[in-house]
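Here's the structure we're looking at; comments come further down.
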Amino acid sequence: MRLTRRRLLAASLAAPLLGGARTSPTELGIDSYTLRSFGWKAFEMLDYAARMKLSVVQFSEWPHIGSYEQVQDESYLKRVREHADNLGVSVEMGTWGVCPTNPRSQRNFERYGPPEDQLRLSIRIAKILGSKTIRCVMGSGHLRREDGPVEKHIEAMISLIRGLKDDALEAGVKIAPENHKDMRASEMRTLVEEAGTDVCGAIIDTGNPMEVLEDPMETVEVLAPVAVGSHFRDSVLWKHPRGAAFQWTAMGDGSVRIGEVVRRYVALRPDLPVILEIITGRPPAVLAYHDPEFMRAFPNLSGEDISRFDRLARQGHPLMTGMIIPHGAPDNPAYLEAVKEQQRVDFERSIRFLRDDIGL
């Protein structure tokens, strides 16, 4: 790993907190969606990351950096870059859904231009901020169900990324789709390899595999060779009469062996940071894989794949700690403040889990 000034500064900042107990040089980071209720933009998020002794901030959507006008202002972006450099924090760039055939992205295309233009803007932002990746998404679970089949959207993403090859190569960045409840790891691997690993890589998310009936360990093992980044969070998964149920949690509160998953990722890709995207406060969801209608979204899933996921569910349990879930509640200042605090506490507990239990 190349020891840049930024990495050396981050290591020196981390030393007092770690107290000499660090066993892995893997860097830790935060995805900006984690603390979404705070409404922070670039400078606040970078300051928080520095206080937490983190090495990386991934701005997973450009509105987390600033307004639409600001992210088109080179002088503003240069100030963000200078602030990050002074703090010793690296920046990773991101945007949202860019699949041309995703009907739920059409409103963004009408407002901000077609996906090609949005990615070209993201490439320009990434180059100024020093990011080597641009996180994006194809869509979500609806691309497997009512807006499927998923294969047509994968083909559209491959074509889109290939068309931006010259722009990406010139800027030295890779377009990085995330497995966003739409693709299993094997499907994502196909997308990346057919788009071209010189301009495309995967963002590995360990929470989203629940929605596509996949053990996150399998996600890591399949995608690690083509990965350029990560989103780590934990889940509880347990048996349900219709199949299984799951809920996202802070790191260490789940039942999917997240500690083993992190260690496997670090072993396979010691060159990449572990970036946390903690999402809590949401109710459990049912995965009705005993229902033939539900399984129509997975026509190519083998019996072995389903059995592996079912075994993981049988070994699991519901959430055994407290969680505020204001799902469907009217706007209430007390709830809103509680959710903000929960996001902060759950993220900071997750960082402690990685440092104390995993040794990062």
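Each reported figure results from applying straightforward, stated rules to the coordinates on display, with no laboratory input. Quantities reported herein were computed from a predicted structural model and do not represent experimental measurements. Note that we place each Cβ from the backbone using ideal geometry, even for glycine, and neighbour counts take in every protein chain shown.
Keeping to region 114-141, report how many residues are without any contact (Cβ under 8 Å) to a residue 40 or more places away in the chain and touching a helix residue (DSSP H, G or I) at 6+ places or on another chain (Cβ under 8 Å).
Residues meeting the conditions: 1.
Can you pull out every residue in region 37-69 that is among the polar types (S, T, N, Q) and in contact with a helix residue (DSSP H, G or I) (Cβ under 8 Å, 6 or more places away or on another chain)?
Answer for region 37-69, where residues must be among the polar types (S, T, N, Q) and in contact with a helix residue (DSSP H, G or I) (Cβ under 8 Å, 6 or more places away or on another chain): Ser37, Ser55, Gln58, Ser60.
Every residue in region 277-313 that is assigned to a loop (DSSP other than H, G, I, E, B), touching a residue at least 60 places away in the same chain (Cβ under 8 Å), aliphatic (A, V, I, L, M) and closer than 18 Å to Leu237 by Cβ, please.
Ile278, Ile279, Leu301
Checking Thr190 against (1) under 13 Å from Leu223 (Cβ atoms); (2) within 18 Å of the chain's Cα centre (by Cα): exactly one of these is not met. Which one?
The one condition Thr190 does not meet is (2).
Could we say that Gly259 is exposed (fewer than 13 other Cβ atoms within 10 Å of the Cβ) and not hydroxyl-bearing (Ser, Thr, Tyr) here?
Judged against the criteria, Gly259 is not a match.
Quickly run through region 264-276 and pick out the residues that are surrounded by fewer than 17 Cβ atoms within 10 Å (Cβ to Cβ) and either in a strand (DSSP E or B) or free of Cβ contacts under 8 Å to residues at least 40 places away in the same chain (or both).
Ala267
Restricting to region 60-76, name every residue that is surrounded by fewer than 23 Cβ atoms within 10 Å (Cβ to Cβ) and assigned to a loop (DSSP other than H, G, I, E, B).
Answer for region 60-76, where residues must be surrounded by fewer than 23 Cβ atoms within 10 Å (Cβ to Cβ) and assigned to a loop (DSSP other than H, G, I, E, B): Glu61, Gly66, Ser67, Gln72, Asp73.
In the list Val57, Val80, Val91, which residue meets the criterion of being crowded, with 22+ Cβ neighbours inside 10 Å and either assigned to a helix (DSSP H, G or I) or more than 21 Å from the chain's Cα centre (by Cα) (or both)?
Within the list Val57, Val80, Val91, the selection yields Val80.
Restricting region 266-286 to residues that are touching a helix residue (DSSP H, G or I) at 6+ places or on another chain (Cβ under 7 Å) and aliphatic (A, V, I, L, M), which is farthest from Gly254 (Cα to Cα)?
Only one residue tops the list, namely Leu268.
Take residues that are surrounded by 18 or more Cβ atoms within 10 Å (Cβ to Cβ) and touching an Asp or Glu at 6+ places or on another chain (Cβ under 8 Å) and tell me which of the helices (runs of 4 or more DSSP H) falling wholly in region 137-238 contain 1 or more.
Those helices (runs of 4 or more DSSP H) span 150-163, 185-195, 216-223.
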